[in-house]
Amino acid sequence: MKTLTTLTIMAALATGSAGASAADNIKIEHIGVNNTYVRVNPDQKYVILPVQDGVDDARINLIVDGKTERTFYVRLAKSKVDFEVPFDLSKYKGHNVILDIRANHDRSSIRESQEEACWNLIRTSDTFDKTNRENFRPLYHHTPEYGWMNDPNGMFYHDGVWHLYYQWNPYGSKWQNMTWGHSTSRDLIHWTHEGTAIEPDGLGTIFSGSCALDPDNTVGYGKDAVVALYTSAADMQTQSLAGSTDGGITFQKYAGNPVLTLPTEARDPNMFYNPDTKLWTIVLAHALEHEVLFFTSPDLKTWTKTCSFGKVAAQGGVWECPDLFPLEIDGKKKWVLLLNLNPGGPFGGSATQYFIGDYDGKTFTSDTLADGTIPTKWMDFGKDHYATVSWSDAPDSRRTAIGWMSNWQYAADVPTLQYRSANTCPRDLSLFSDNGEIYLASVPSPELRKMRSKASVANVSFSAPAKGRTFALPKANDGICEIEFDIDASKKKGNTEIILSNEKGENVKIIYNAADNTISFDRKESGIVDFSIDFPAVTVAPTFTHDGRTSVHMLIDRSSIEMFAKDGRYAMTNLVFPNQPYSSMKVSSTAGAKISNLNIYPLNPSK
Ligand code: FRU
């Protein structure tokens, strides 16, 4: 992380003799106690804004040739500078640009305003340094280059490329200024940052939504154009449409937006196209009513409501980010409705539940238990798996999903600044049955295996002693690794414990309890945990096995541990912030458990 000293030196350069150009490009006029005009010469690509984490937002009206072009919010530095953010000026070259900055806190005098740290450092530049400064930034999970990220949005696959959009604040590391950022990948490991895809406008900021290809040009952007639905969020939430004719890099918004208004909070439209009926199905979260609204549309401009489903299972605070797709089990097609809710998750805060049922093109009907009730089913039993939705148009009939790897309880407090939040690893979904019920299985997408280096522990089998057996974890690349093994604790009652730890004594405790058929994850001593009372926690998953046997497949990436059964029967995603990587794994058992097929793979994403 850049220190204030370096930034102060940069300020001196920017405002001193060497910075004549910067001084020419920026003119600061304090026109009132809480109001400053910054006149910017847009000859250079960016105006660089100094930010202090934790202070109030300043409201910035961007005035171009006397007209308000847009409004955005930045925590402009008052007493110290934590980091900087760039605002792109390239569109405004040759125009008169004023940043009309309104402080959100009450100052007592203009002098107080003049003394704030931001004014010496605000400057124009053709470059912005995006070099990673965060030790906790994962190496193979998707993160924004800088700024805050929440939900993944609008994912579609086309011509070998996985497109991933996301809720992005390009001007700070907390939720604000929602914009669709865009990244692409050919292997689900390496992500290329494509920049901004959809920016806020007069209808509001750009909340979550979905994209799909339009094979029959039903919307009017052309055959196979990429179409996007998203929520325009102002005082109320409305639904808007956009299309892209350059493969999803830039979008043209539909001039007739919004395409749907409702008198109550509704958001996160998710769609798919049925070529047989030539109709789109759209699911929309009716957030406060705890229901999902179903629509059909011939062109995404006029929508007909066909059913609502909800007020069942876990209802929590708000229902958000639905997704509907078919999967097969035993040759039979079933429909899966993903539904994210916050708060109300099994371990507090955010989580993803799902319903298995049938959809006839109009109505979704959930399977029920024998007594007629609709059960609550969780997709992931960790604390850091939210806003999960799937890619449309994925190849080979795959259903691949990705989630936001954080929790609204503390996402804005995690110990990173340059960026905040990563996505989970991409997961391939399928169905399985257990005790007459159908459930959703998640496994890491097979592409991730390409990162494996030669196993440092290969195919080891042993009886876990009560005092434990210890294995070294890989050191390379900050210890990022993949661990797999089977556990057989069918002979005797007792627990099997797996402890990951580092030299500082920080550790994660995983316990398989064969009597309860559960596996738990304790991160109370996992490293930095004190940034939120909701972070230190134990999460527990049913193993969906009943014979004292289960398996573990773990992916470790600097600040996250994702744990799955090998066949995906349970999934558990948890963040951890160890002060140094976990370096050993100790396996012990009071059940005399047999551990087999233990493999530890160092991971090398640069392969
Ligand atoms: C879910 C959510 C969505 C909304 C978006 C706003 O995390 O609240 O419902 O569209 O985030 O950023």
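Annotations for the structure displayed:
- Screening the candidates His182, His190 for the property of being closer than 28 Å to Leu338 by Cα, touching a residue at least 60 places away in the same chain (Cβ under 8 Å) and open to solvent by 20 Å² or more (accessible area, probe 1.4 Å) yields one hit, His190.
For (1) more than 17 Å from the chain's Cα centre (by Cα); (2) closer than 23 Å to Ile499 by Cβ, each residue gets a yes or a no:
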residue: Lys383; (1), (2): no, yes
residue: Asp396; (1), (2): yes, no
residue: Arg399; (1), (2): yes, no
residue: Met405; (1), (2): no, yes
residue: Asp413; (1), (2): no, no
residue: Ala422; (1), (2): no, no
residue: Ser430; (1), (2): yes, no
residue: Pro444; (1), (2): no, yes
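- Taken over the range 293-306, the residue count meeting the criterion of being in contact (Cβ under 8 Å) with a residue 40 or more places away in the chain and either closer than 10 Å to Ala266 by Cβ or surrounded by fewer than 17 Cβ atoms within 10 Å (Cβ to Cβ) (or both) is 3.
- Members of the range 258-278 that are open to solvent by 30 Å² or more (accessible area, probe 1.4 Å) and either within 11 Å of the ligand (Cβ to nearest atom) or in contact (Cβ under 8 Å) with a residue 40 or more places away in the chain (or both): Pro258, Glu265, Phe272, Tyr273, Asn274, Pro275, Thr277, Lys278
- Some residue of the range 383-399 being among the aliphatic types (A, V, I, L, M), within 16 Å of the ligand (Cβ to nearest atom), in a loop (DSSP other than H, G, I, E, B) and at pLDDT 95 or above: no
- Where strands (runs of 3 or more DSSP E) fall entirely within the range 307-380, those with at least 3 residues that are surrounded by 15 or more Cβ atoms within 10 Å (Cβ to Cβ) and within 16 Å of the ligand (Cβ to nearest atom) are at 318-329, 332-342, 351-359.
- Within the range 232-257, the set of residues being of a type outside the set (Val, Ile, Thr) and within 14 Å of the ligand (Cβ to nearest atom) comprises Ser232, Ala233, Ala234, Met236, Gln237, Gln239, Ser240.
- Filter result for Ala255 (surrounded by fewer than 16 Cβ atoms within 10 Å (Cβ to Cβ) and either basic (Lys, Arg) or out of contact with any helix residue (DSSP H, G or I) (no Cβ under 7 Å at 6 or more places or on another chain) (or both)): yes
- Meets criteria (hydroxyl-bearing (Ser, Thr, Tyr), open to solvent by 30 Å² or more (accessible area, probe 1.4 Å) and touching a residue at least 24 places away in the same chain (Cβ under 8 Å)) for Ser463: yes
- Candidate set from the range 498-542 (those that are open to solvent by 30 Å² or more (accessible area, probe 1.4 Å), aliphatic (A, V, I, L, M) and assigned to a loop (DSSP other than H, G, I, E, B)); member that is modelled with the lowest pLDDT: Ala515
- If the condition is being touching a strand residue (DSSP E or B) at 6+ places or on another chain (Cβ under 6 Å) and away from the ligand (no atom under 13 Å from the Cβ), then the range 198-212 contributes Glu199, Leu203, Cys211, Ala212.
- Among residues of the range 150-177, those that are more than 13 Å from the ligand (Cβ to nearest atom), part of a loop (DSSP other than H, G, I, E, B) and in contact with a Lys or Arg (Cβ under 9 Å, 6 or more places away or on another chain), counted: 4
- Single condition Lys491 does not satisfy, out of (1) farther than 25 Å from His385 by Cα; (2) of a type outside the set (Phe, Trp, Tyr); (3) part of a strand (DSSP E or B): (3)
Yes/no per residue for (1) in a loop (DSSP other than H, G, I, E, B); (2) over 21 Å from Phe325 (Cβ atoms); (3) of a type in the set (D, E, K, R):
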{"site": "Ser210", "(1), (2), (3)": "no, no, no"}
{"site": "Asp216", "(1), (2), (3)": "yes, no, yes"}
{"site": "Ala228", "(1), (2), (3)": "no, no, no"}
{"site": "Ser232", "(1), (2), (3)": "no, yes, no"}
{"site": "Ala242", "(1), (2), (3)": "no, yes, no"}
{"site": "Asn257", "(1), (2), (3)": "yes, yes, no"}
{"site": "Pro263", "(1), (2), (3)": "yes, yes, no"}
{"site": "Asp268", "(1), (2), (3)": "no, no, yes"}
{"site": "Phe294", "(1), (2), (3)": "no, no, no"}
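- Of Asp53, Asp88, all but one fail to be among the charged types (D, E, K, R), modelled with pLDDT under 95 and touching a Lys or Arg at 6+ places or on another chain (Cβ under 9 Å); the exception is Asp53.
- Every residue from the range 178-187 that is within 18 Å of Ser421 (Cβ to Cβ) and more than 11 Å from the ligand (Cβ to nearest atom): Gly181, His182, Ser183, Ser185
- Filtering the range 120-167 to residues that are of a type in the set (Val, Ile, Thr) and farther than 13 Å from Ala422 by Cβ leaves Ile122, Thr124, Thr127, Thr131, Val161.
- The residues on offer are Arg75, Arg70, and the sole one that is surrounded by 14 or more Cβ atoms within 10 Å (Cβ to Cβ) and in contact with a Gly (Cβ under 6 Å, 6 or more places away or on another chain) is Arg75.
The values are calculated or read from the model by the stated rules, or taken from the named source; none is laboratory data. Everything quoted here is computed from the prediction, not taken from an experiment. Cβ atoms come from the backbone with ideal geometry, glycine included; neighbour counts cover every protein chain shown. Remember, those area values only see protein heavy atoms, side chains included, never the ligands or the DNA or RNA. Shrake-Rupley method; radii C 1.70, N 1.55, O 1.52, S 1.80 Å.
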